[in-house]
Amino acid sequence: MKLDIVAFGAHPDDVELGCAGTILKEISLGKKVGIVDLTRGELGTRGSSEIRDQEANAAAQILGVSVRENLSFRDGFFKNDEEHQLQIIKMIRKYRPEIVLCNAVDDRHIDHGKGSKLVSDACFLSGLMKIETSINEEKQAAWRPKVVYHYIQWKNIEPDFVVDITGYTDKKTASILAYGSQFYNPNSKEPESPISSKNFLESLNYRSRDLGRLTGVEHAEGFTVERYLAVNSLGDLI
């Protein structure tokens, strides 16, 4: 299956928090989108990896993605090394996306920046013909995505561009709330975590509103780039 976009996240729920609105919009425009989670989030303060598996599947159904896979890397301890790069290369060559979305380049959680660099490096290496990979003994052809964009997470990184997600925020919120074990619930008996507060949940809305305010729309999601964006004419920027 060839996909137009593959979104990678270090943990289940990273993609929903960072770029679910963009994914929903692209799918509405006819694009095929997949999600690849690097870990099962087993070190999370709340819930369990089994619960996160169920929540991730529910969120995928809400988003309408074509596929969701989990590479089961060790939460907190995966490395940007050959072993892990090759696993991601296999995913890139399997789905051959034109666009890859991945974690913030720098963030509070160490897995986010680490996962960002790991995926970015794998995207480059995936285009090298002399790196051989296979799935089910079938040799894979080299493939390099055209662009890699990084979504924004805990830290307020200044975006290089934003996507207007007006009209998609309710469904984005629903995909986030599919992770019922992780986020604000006044009746929960689980320990508190940085993302379980009411303030964190509300911050997602006011961040998208603020990026929208700055760009003349109602809601927006921001991304950083690895190389300059190019347009055919100034009119494309309106």
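The values are calculated or read from the model by the stated rules, or taken from the named source; none is laboratory data. As the structure is a computational prediction, the values presented were derived from the model and not from experiment. Every residue, glycine among them, receives a Cβ derived from its backbone with ideal geometry; neighbour counts consider all protein chains shown. Just so you know, the surface numbers come from the protein's heavy atoms only, side chains and all, with ligands and any DNA or RNA stripped out. Shrake-Rupley method; radii C 1.70, N 1.55, O 1.52, S 1.80 Å.
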Check your understanding: What is the distance in Å between the Cα centres of the stretch 85-103 and the stretch 191-215?
Key -> 29 Å
Check your understanding: What lysines sit close enough to LYS189 to cross-link, taking a C-alpha to C-alpha distance under 20 Å and skipping anything fewer than 8 places away on the same chain?
Key -> LYS198
**Study point:** Probe 1.4 Å, protein heavy atoms only - accessible area per residue of the stretch 154-199 in square angstrom
**Key:** 62 Å²
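Which of rounded, prolate, oblate describes the stretch 103-154, given a ≥ b ≥ c as roots of the alpha-carbon gyration tensor eigenvalues and a/c under 1.5 marking rounded, otherwise prolate only if a/b is larger than b/c? List each step's numbers first, then the result.
Details: a/c = 3.32, a/b = 2.33, b/c = 1.42.
Prolate, since a/c reaches 1.5 and a/b exceeds b/c.
Quick one: if the Förster radius is 35 Å, what FRET efficiency do ILE131 and ASN156 give, using the C-beta to C-beta distance and rounding to 0.05?
Working: r = 37 Å, r/R0 = 1.04.
Once the sixth-power term is evaluated, E becomes 0.45.
Compare MET91, MET1, MET129 by solvent-accessible area with a 1.4 Å probe and give them largest first, with all protein chains kept in place. List each step's numbers first, then the result.
Working: MET91 15, MET1 120, MET129 165 Å².
Greatest to least solvent exposure: MET129, MET1, MET91.
Starting from the Cα-Cα distance between GLN54 and ASP81, subtract it from 0.36 nm times their residue separation and give me the gain in nm to one decimal. Intermediate results must be reported in sequence, preceding the final value.
On the way: separation 27, 0.36 × 27 = 9.72 nm, distance 2.90 nm.
Full-extension gain reported as 6.8 nm.
Find the accessible area per residue for the stretch 5-92; the probe is 1.4 Å, ligands and nucleic acids are left out, and the unit is Å².
38 Å²
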**Study point:** Calculated FRET value between ASP236 and ARG213, using beta carbons and R₀ = 22 Å, to 0.05
**Key:** 0.50
Check your understanding: GNM on the chain, C-alpha springs below 10 Å: top fluctuator among GLU221, GLU158, GLU16?
Key -> GLU158
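Could you tell me the relative contact order of the stretch 11-59? Use alpha-carbon pairs under 8 Å, at least six residues apart, and round to a whole percent. Let's see the in-between values first.
Working: 27 pairs, mean separation 21.6, N = 49.
That works out to 44 percent.
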Review point. Tell me, what % of the accessible area of the chain is carbon and sulfur with a 1.4 angstrom probe?
Key: 52 percent
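For every other residue with a beta carbon closer than 13 angstrom to the beta carbon of ARG209, add +1 if it is Lys or Arg and -1 if Asp or Glu, then tell me the sum.
Details: positive: LYS172, ARG207, ARG213; negative: ASP164, GLU202, ASP210, GLU218, GLU221.
Combined, the nearby Lys, Arg, Asp and Glu give -2.
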Check your understanding: Which value, in Å² and to the nearest 10, is the accessible area of TYR206 when all protein chains are kept and the probe is 1.4 Å?
Key -> 120 Å²
Practice item. Provide LEU201, LEU3, LEU237 ordered by accessible surface of protein heavy atoms (probe 1.4 Å), highest first. Key: LEU237, LEU201, LEU3
Point to revise | Candidate lysines - alpha carbon under 26 Å from LYS79, same-chain residues fewer than 8 apart omitted | key: LYS90, LYS94, LYS114, LYS117, LYS130, LYS139, LYS146, LYS155
